[in-house]
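The next block holds one structure in the form of structure tokens; read it before the comments.
The values are calculated or read from the model by the stated rules, or taken from the named source; none is laboratory data. In this text the structure is predicted, and so the values were computed from the model without any measurement. Don't worry about glycine lacking a Cβ; one is built from the backbone with ideal geometry, like all the others, and counts go over all protein chains shown. To get the accessible areas, we keep the full protein, side chains included, count just its heavy atoms, and leave off ligands, DNA and RNA. Shrake-Rupley method; radii C 1.70, N 1.55, O 1.52, S 1.80 Å.
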Amino acid sequence: RSLIMTCLSLVFKGIILEYVEGGESKTRSIDLLDLTPETDVTALVEEIQEREPLITASCLEHIIHLVQRLQEKLGEKQNHKFSLFKVLRTHILPLTNVAFNKSGSRFITGSYDRTCKLWDTASGEELHSLEGHRNVVYAIAFNNPYGDKIATGSFDKTCKVWSTETGKCYHTFRGHSAEIVCLSFNPQSTLLATGSMDTTAKLWDLEKGEEVATLNGHSAEIIALSFNTTGDRIITGSFDHTVAVWDVGTGRLLHTLIGHRGEISSAQFSWDCSLIVTGSMDKTCMLWNAVTGTHIATLAGHSKEVLDVCFDYAGQRIATASADGEAAAGECSTKPLCNCILTASSDKTARLWDAATGHCLQILEGHADEIFSCAFNYKGDTIITGSKDNSCRIWH
């Protein structure tokens, strides 16, 4: 079996409240699905305040200001054309992945050359080369929204956590008996999850540098994992054709999502934690109730394997990318939300699509080989693409 990676990214609207409770840092997400350029922002925030005790009178004006900034963004014309800003010859061997920090000021690249590199987006300058792995660096991530840590997962069976500021390695997590192919920080940045070809996932305490739990239950390799936005649940997708839902606090298996007839390629929670979407090599995408684990719908239409799936941040649209060379937007409801979808392809191009119409807005050309990783920054005005041609391109 071989690993296949493609990428989808969506631009969205919503706010995340960060707060401390009992000495512990927590986050809570609030969607702004009804926000339009014509919305009375003050009235909207006051309505939210009535049901959200975290928004006190002292911070009301600040929240209004933030929502007004989002509203201004919505009012901008969506006909921006991206142009090539810089080509970075990033690694001596092909890239495996690229990722932005939340602000988009920094990004990281992983490579078959066993390193991960940190870059300044504005200048294209290399800031740090994170060296120490003894095999391919396959999975990489920032601990967004904070961005002060980087995690790297390797075919050498270890995961390392690094300081974004200094490039110093904080921890090396050992315990998997096969390649690490996926990882994710929880939203509070207190835990790191790793998924491995050894059929297990592990949770690691970032402060203590210790293993917290091993998630046993799959009978084949784990290829995808994702926390929900509150951080109390995690899902793992496996080559055994199933997705497992786990309680983060106890490590207990809550549900096994059974229905696909091929290996799982991708799995993700909706922003409000109510839904799970899964993509599979059986050419379908499935929608599940995240609370009960029950199957809601099967989205069929691709003629080849579904390689990646992605919710918009309202859980109203799903984007799917397939080996058939097509991307599809599956409607969960009729309300438009996100502005555009970014896809990367083995045809050496990345493409921007209008999520409402499905029309291709722009083709980003120039790479000399397959593009298998792409990302928007948070604002949606910068794109990075990583390719087998050993280069990374920044688009503005």
query: If you put +1 on each Lys and Arg Cβ and -1 on each Asp and Glu Cβ, how big is the dipole of the range 51-145 around its Cα centre, in Debye rounded to 20?
result: 260
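For a test of the definition: using alpha carbon positions, the gyration tensor, and the 1.5 limit on a/c, classify the range 31-186 as rounded, prolate or oblate. Display every interim value, and only then the final one.
Details: a/c = 2.91, a/b = 1.85, b/c = 1.57.
It is prolate, given that a/c is not under 1.5 and a/b is the larger ratio.
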task: Pairs to check: K73/K208; K86/K149; K168/K304. Give those whose C-alpha atoms are more than 32 Å from each other in this structure.
output: K73/K208; K168/K304
query: Among all the aspartates and glutamates, which ones have a C-alpha under 20 Å from K348's C-alpha, if same-chain residues fewer than 8 places away are not counted?
result: E305, D308, D324, E326, E365, D369, E370, D389
- request: Enumerate the lysines that K202 could reach by cross-link, defined here as Cα to Cα under 18 Å, with residues fewer than 8 away along the same chain left out.
  value: K157, K160
statement: Rounded to a whole number, the Stokes-Einstein D of the range 99-151 in µm²/s (Kirkwood radius over Cα pairs; 25 °C; 0.890 mPa s) is 219
field: Rg(Cα) / (2.2 N^0.38 Å) computed for the range 134-235, rounded to two decimals
entry: 0.97
- line: trypsin sites (Lys or Arg not before Pro) in the range 128-203 lying in a DSSP loop, each with at most 12 other Cβ atoms within 10 Å of its Cβ, come to R134, K168, R174
- request: Given the peptides 221-231, 115-125, arrange them by the average over their residues of other C-beta atoms within 10 Å, most packed first.
  value: 221-231, 115-125
statement: If each K or R counts +1 and each D or E counts -1, the residues other than K149 whose Cβ falls under 15 Å of its Cβ total +1
field: Computed lengthening from K379 to D354, 0.36 nm per intervening residue step minus Cα-Cα distance
entry: 7.3 nm
message: Please compute, for the alpha-carbon atoms of the chain, the extent along each of the three principal axes and give them in descending order in Å.
response: 55, 48, 47
statement: For the range 42-114, shape from the Cα gyration tensor axes a ≥ b ≥ c, cut at a/c of 1.5 then a/b versus b/c, turns out prolate
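Over the chain, give the accessible area per residue in Å² for a 1.4 Å probe, as an integer.
Values: 17230 Å² over 396 residues.
With the other protein chains kept in place, the chain gives 44 Å² per residue.
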task: Give the distance, in whole Å, between the Cα centre of the range 91-123 and the Cα centre of the range 163-185.
output: 15
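How large is the dipole of the chain about the Cα centre if only Lys and Arg carry +1 and Asp and Glu carry -1, each at its Cβ, rounded to the nearest 20 debye?
Working: 35 positive and 48 negative charges, 174 e Å.
Computed charge dipole of the chain: roughly 840 debye.
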task: Taking each pair of different alpha-carbon atoms in the range 217-280 once, compute 1/r for the pair, average those values, and report the inverse of that mean as the Kirkwood hydrodynamic radius in Å to one decimal.
output: 11.5
query: According to the square roots a ≥ b ≥ c of the eigenvalues of the Cα gyration tensor, what is the shape class of the range 356-396, taking rounded for a/c under 1.5, prolate for a/b larger than b/c otherwise, and oblate for the remainder?
result: oblate
query: Considering the dipole of the chain built from charges on the beta carbon (Lys and Arg +1, Asp and Glu -1) around the Cα centre, which of F311, T164, W271 is farthest to its positive end?
result: T164
